[in-house]
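Asker: A single structure is presented below for examination.
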Amino acid sequence: MAGSYGCEGEDSMKILSVVGARPNFVKIAPLLREMAARPQIEPVLVHTGQHYDARMSEAFFAALAIPAPDVNLAVGSGSHARQTAEVMTRLEPVLESVRPDLVLVVGDVNSTLAATLVAVKQGIRVGHVEAGLRSFDRRMPEEINRVATDAIADELFASEESAVHNLAREGIPAERVHFVGNVMIDALRITRPLWQASTALADLGLERGRRYATVTLHRPANVDDPRQLHEIVGALHELARHLPLIFPVHPRVRARLACEGVTWLRPSEPVPERGLVCTEPLGYLDFVALVSGAAVVLTDSGGIQEETTILGVPCLTLRESTERPVTVSHGTNRVIGVAPRRIVDEGLFALAHRGPTPTAPPLWDGYAAARIVDTLLGAAVEVAA
Ligand code: UD1
């Protein structure tokens, strides 16, 4: 599929990638690595600054060997409208001056949609990685971002077959849709020796073979309503009577947990025998190490449902739906909702029973980024012809 691009001048293809939030960094890393291996591609990286704390941003750039961004829009936090609008306003002049051949966006965050809108209106082609996933729950901000991005982007890269079907159902022409696999799994594969060498477990006093669970929560539906958060945390406390639950806390949740009287692990303090313990957000390699050694993971994240599928770690998703059904059909994921009794029962069940052996979903082989870059080069040739 790859076209006949030279090394420089008009034969080169300038691809401007836009990232903003933590999961974006994981997805873009294998893509940038792949682009760096193709002399025909001139990559430009824009960080919107949606995530800005060192632990949410720089730590991921370092762990994943992502080059420093060429441009940082430094938009920071804000309401959805403000954050989206800031990305749009600040990206517009950057695109006008860089004039890329293609803008590459990943995932479903506000930065993804904002960048897509600006690029499309400037007549710049857009590729969307992780297109077509649908929770069918329009109360999720990410679902709006997904639907709107896919409606206007040009090249849609699907990580699982359900996404291909969703896009067909929405009337997107098949030639715009490419089933390529999952770049999150590329990142896991590429960094495997690094996360296997992480000292995170030893640092937490979790010697080999010790049973613990890992928790993450950050969805607005779960953490923004204090009553909802209180119920979930109550269930976690109950489960934590059986083993330690380690909860690296996203910054949006930190203040909200203040009323819950949770225990924070101090640096170099070992995880206790039992109980729910919170930590600062972990870097990518340490977090993957923590997930890979867990007896069970309780999460409302999308990406962690995918990572646990490949790592073979039981995953309980504290949501009513998943936009990643292949993690249930092939992987270790169970979508269990947020009823406290169910969280406890499912947690205990997962600890007591071995689930079915997961199988890797189609094309989750660690080579999705290569397929995407090949497709982009091929598609550009067709457009030029
Ligand atoms: C965003 C994405 C979500 C993704 C998540 C991964 C949207 C709509 N949501 O959610 O899909 O799963 O990233 O983490 O784009 N904050 C900090 N420091 C930071 C970043 C955030 O303190 O570096 C705090 C701020 O109070 C901010 C809040 O977290 O207001 C929420 O951040 P935001 O980027 O708006 O959404 P996330 O919850 O991180």
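Asker: Per residue of segment 213-220, in order, report the coupling 6.51 cos²θ - 1.76 cosθ + 1.60 (Karplus, θ = phi - 60°) as ³J(HN,Hα) in whole Hz, putting x for Gly and Pro.
Answerer: 10, 10, 10, 9, 8, 7, 4, x
Asker: Short version: ³J(HN,Hα) in whole Hz for each residue of segment 173-189, in order, from phi by Karplus 6.51 cos²θ - 1.76 cosθ + 1.60 (θ = phi - 60°), x for Gly and Pro, what are they?
Answerer: Karplus values, whole Hz, x for Gly and Pro: x, 4, 6, 8, 9, 10, 8, 10, x, 10, 5, 4, 6, 4, 4, 4, 5.
Asker: To continue, here is another question. Rank these residues by their accessible area, most exposed first, probe 1.4 Å: Phe247, Phe136.
Answerer: From most exposed to least exposed: Phe136, Phe247.
Asker: For Leu276, enumerate residues with amide H under 5 Å from its amide H, sequence gap 5+ or separate chain, H modeled in the peptide plane.
Answerer: Leu245
Asker: With every atom except the alpha carbons ignored, what do you get for Rg and Dmax of segment 193-352, in angstroms?
Answerer: Just the Cα atoms of segment 193-352 yield Rg and Dmax of 14.4, 42 Å.
Asker: Amide H of Val44 versus every other amide H placed in the peptide plane: which residues, excluding those fewer than 5 positions away on the same chain, fall under 5 Å?
Answerer: HN-HN under 5 Å from Val44: Ile15, Leu16, Ser17.
Asker: What is the calculated FRET efficiency for Leu348 to Arg99, with r their C-beta to C-beta distance and R₀ = 56 Å, to the nearest 0.05?
Answerer: With R0 = 56 Å, the Cβ-Cβ based efficiency is 0.45.
Asker: Sticking with this structure for a sec: Using the Cβ atoms and a cut-off under 15 Å, what net charge is assigned to the surroundings of Asp300, where Lys and Arg are +1 and Asp and Glu are -1?
Answerer: On the way: positive: Arg22, Arg139, Arg219, Arg252, Arg256, Arg319, Arg324, Arg334, Arg342; negative: Asp108, Asp137, Glu142, Glu143, Asp224, Asp225, Glu231, Glu306, Glu307, Glu320, Glu323, Glu346.
With Lys, Arg at +1 and Asp, Glu at -1, the neighbours total -3.
Asker: Heavy atoms only, probe 1.4 Å: what % of the accessible area of the chain goes to carbon and sulfur, would you let me know?
Answerer: Of all accessible area on the chain, carbon and sulfur atoms account for 54 percent.
Asker: Follow-up. Only helical DSSP H runs with n ≥ 4 go in: add -39500 (n - 2.57) per run for the chain, normalise by residue count and round the 222 nm mean residue ellipticity to 500 deg cm²/dmol. Write out the running numbers ahead of the final one.
Answerer: On the way: 16 runs with 168 residues, N = 385.
Computed mean residue ellipticity for the chain: -13000 deg cm²/dmol.
Asker: Using a 10 Å cut-off on Cβ atoms, rank the peptides 105-114, 173-182 from the highest mean neighbour count down.
Answerer: 105-114, 173-182
Asker: Looking at the calculated P(r) for segment 88-181, what percent of the C-alpha pair distances fall above 20 Å?
Answerer: 32 percent
Asker: Beyond 26 Å, how much of the Cα-Cα pair distribution for the chain remains, as a whole percent?
Answerer: For the chain, the fraction of Cα-Cα distances above 26 Å is 51 percent.
Asker: Applying the Karplus parametrisation 6.51 cos²θ - 1.76 cosθ + 1.60 with θ = phi - 60° to the phi angles of segment 260-271, what ³J(HN,Hα) value in whole Hz is obtained for each residue in order, glycine and proline being reported as x?
Answerer: Couplings: 9, x, 7, 8, 9, 7, 7, x, 6, 8, x, 5 Hz.
Asker: Hey, another quick one. At most 12 other Cβ atoms within 10 Å and a DSSP loop assignment: could you name the trypsin sites (Lys or Arg not before Pro) in segment 338-376 that fit?
Answerer: Sparse-neighbourhood loop trypsin sites (Lys or Arg not before Pro): Arg354.
Asker: Further question: Between helix 80-98 and the chain, what is the angle of the helix's C-alpha long axis to the longest principal axis, kept within 0 to 90° and rounded to the nearest 10?
Answerer: Between the helix axis and the principal axis of the chain, the angle is about 30 degrees.
Asker: Rounded, prolate or oblate, given the Cα gyration tensor of segment 234-292, with a/c below 1.5 counting as rounded?
Answerer: Oblate is the answer for segment 234-292, as a/c is 1.5 or above yet b/c matches or exceeds a/b.
Asker: Counting only heavy atoms of the protein chains, get the accessible area per residue of the chain (1.4 Å probe) and round it to a whole Å² value.
Answerer: 42 Å²
The values are calculated or read from the model by the stated rules, or taken from the named source; none is laboratory data. Here the structure is a predicted model, which means the values were calculated and not measured. Don't worry about glycine lacking a Cβ; one is built from the backbone with ideal geometry, like all the others, and counts go over all protein chains shown. Side chains included, ligands, DNA and RNA excluded: accessible areas come from the protein's heavy atoms. Shrake-Rupley method; radii C 1.70, N 1.55, O 1.52, S 1.80 Å.
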